[in-house]
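Written below as structure tokens is the structure these notes are about.
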Amino acid sequence: MPGSKSWLRKDKWGVDVWRMEVFLGTLPNGKPDRHRREFHGSGFECDKAVALYYAEMVRKKAQEEYVATHMTVAQWAEEWLQILERNTRAPGYIRYCRDRLHNRILPALGAHQLADLTPRHIAAWLQQMETQRCFPRKRKPVELKNGEEKKKDEPPPFLSKTHIAGHFRVLRAMLQEAVYRFHINDNPARKVRAPKIDTQEVSAYTADELTPILMALEGYDTMFRLLVLLGLTTGARRGELIGLDWPHVDLETAVCSIVQAAHTETGVPQYLGPVKTKKGVRPLRLTPELIELLKTWKAEQALKRAEMGEKWKGGDFIFTTRHGSWIDLDYADRKVNRFIKRHNLPSIHLHGLRHTVATNLIAGGYTLADTADFLGHAQKSTTLIYTHAITANQSRAVEILSASLPPKIPPDQQTNH
């Protein structure tokens, strides 16, 4: 119990009078922070009142500790982005938050005082977002034969529910951090109904579709085969594959360690940074076929380095160009897309190999928790996007359970009991 009670007396109506006492820690002067109040009623009712009294005093103490700030939502947004950078969050996530703040959130809510932002403001902003359209894309003008430019009168589409929900999640996370740092007492975004989005089924190859892929890979160079097979057996993210280097691959123990990833931003050269989440730092077991392929590629790469001599520009990255520098993320995507089109395979981008791994693991009976750890998901709920594989498993389970039931007795053979 968060507090205690002690019987004092009976009042003039014969009702028991109790003293409730709750303890909230220690005051700055070292004395205990105790609070007392009398209660009239039975002992059972007093136990409930003690719990309510404790919750009330905790709430009041939190309000006293809350320090009202005069910063605006825009000022706190810039400070929050700096906090994310100091916490070494993945650059892609920081860029995602910054774009949504500057494009849609701050123009609408940035002028409000942080302490004065209410759920009504946020609900009105979400309603306004439903009537807004996407930003028009900058496209090169198309010239007609007579020299005139082709004009497109089609307006940009409305913002999708997924797009709106992404903005809302960024705003809610930013305001929650303000609560943790005592800038505001409560998160107003938690009192607003989150936009509902339709869950889309991810694209992934089935087990039957993997056979023609493996057969088609036989005619390609060692590095490309290694890229695709690593994606199909480890489930690593695109940036994790390109950022993989030889020091983090142990060919003796058949283990590769995912500790870094390649990142790209507009106007910034590709750079090496942390993985997407803390759970993303993980060891992955390699198959014997991959070990042999890695050994072959390492020998080929060493031969190319010896031939290039001082012209070799790279370091110890596994996936490199002919000059030794690591390959570009977009180049890897383009090469996979050309491979898929050339062999008339179902259209899936490089990240779809990761979806294929997750789908096949779940369809094969791997649990959601184990699959999330294998993929490096920070939250188990992220793995739920592969529900189509779970549905297939459930269908098979229903068939097994149905087969285990006794056969139905024909009506003419039934006996009355």
- Query: In segment 182-210, which residues are modelled with pLDDT of 85 or more and outside any loop (DSSP other than H, G, I, E, B)?
  - Reply: P188, A189, R190, K191
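Kindly establish whether L229 is under 18 Å from L293 (Cα atoms), aliphatic (A, V, I, L, M) and buried (at least 16 other Cβ atoms within 10 Å of the Cβ). Before the answer, list the steps.
Values: under 18 Å from L293 (Cα atoms): yes; aliphatic (A, V, I, L, M): yes; buried (at least 16 other Cβ atoms within 10 Å of the Cβ): yes.
For L229, the condition - under 18 Å from L293 (Cα atoms), aliphatic (A, V, I, L, M) and buried (at least 16 other Cβ atoms within 10 Å of the Cβ) - is met.
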- Wholly enclosed helices (runs of 4 or more DSSP H) of segment 282-369 bearing at least 1 residues aromatic (F, W, Y): 288-308, 329-342
- Whichever residue in segment 43-85 is at pLDDT below 90 and among the hydroxyl-bearing types (S, T, Y) and, among such residues, is farthest from K10 (Cα to Cα): T69
- Note on the structure: Screening W312, W326 for residues that are surrounded by 14 or more Cβ atoms within 10 Å (Cβ to Cβ) and over 31 Å from the mean Cα position of the chain (by Cα) leaves only W312
- Item | Output for segment 192-213, where each listed residue is exposed (fewer than 13 other Cβ atoms within 10 Å of the Cβ) and either closer than 27 Å to Q301 by Cβ or more than 22 Å from the chain's Cα centre (by Cα) (or both) | A207, D208, T211
- Among the residues of segment 100-117, the number that are among the charged types (D, E, K, R) and out of contact with any helix residue (DSSP H, G or I) (no Cβ under 9 Å at 6 or more places or on another chain) is 1
- Tell me, which residue of segment 271-290 that is surrounded by fewer than 18 Cβ atoms within 10 Å (Cβ to Cβ) and more than 21 Å from the chain's Cα centre (by Cα) is farthest from T206 (Cα to Cα)? Y271
- Query: Does any residue in segment 282-295 that is under 13 Å from T234 (Cα atoms) come within less than 9 Å, Cβ to Cβ, of a residue that is buried (at least 18 other Cβ atoms within 10 Å of the Cβ) and not hydrophobic (A, V, I, L, M, F, W, C) six or more places away or on a different chain, and which pairs are these?
  - Reply: R282/G376; L284/T234; L284/G235; R285/T234; L286/T234; L290/T234
- Task: Give just the number: which of (1) part of a loop (DSSP other than H, G, I, E, B); (2) in contact (Cβ under 8 Å) with a residue 12 or more places away in the chain does E252 not satisfy?
- Result: (2)
- Task: Tally the residues that are surrounded by 15 or more Cβ atoms within 10 Å (Cβ to Cβ) and of a type in the set (V, I, T), restricting the search to segment 105-134.
- Result: 2
- Within segment 250-262, tally of residues that are surrounded by fewer than 24 Cβ atoms within 10 Å (Cβ to Cβ) and within 12 Å of R282 (Cα to Cα): 5
- Message: Against the definition (at pLDDT below 90 and in a helix (DSSP H, G or I)), how does T233 come out, yes or no?
- Response: yes
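Residues are listed down the side, and each one gets a yes or a no for (1) touching a residue at least 24 places away in the same chain (Cβ under 8 Å); (2) touching a Lys or Arg at 6+ places or on another chain (Cβ under 7 Å); (3) among the polar types (S, T, N, Q):
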residue	(1), (2), (3)
G324	no, yes, no
D328	yes, no, no
L350	yes, yes, no
H355	yes, no, no
A369	no, yes, no
- Query: Considering segment 234-249 alone, what residues qualify as being crowded, with 23+ Cβ neighbours inside 10 Å and β-branched (V, I, T)?
  - Reply: T234, I242
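The values are calculated or read from the model by the stated rules, or taken from the named source; none is laboratory data. If you're wondering where the values come from, they're calculated on a predicted model, not measured in any experiment. Heads up, the Cβs are rebuilt from the backbone with ideal geometry, glycines too, and the neighbour counts pull from every protein chain shown.
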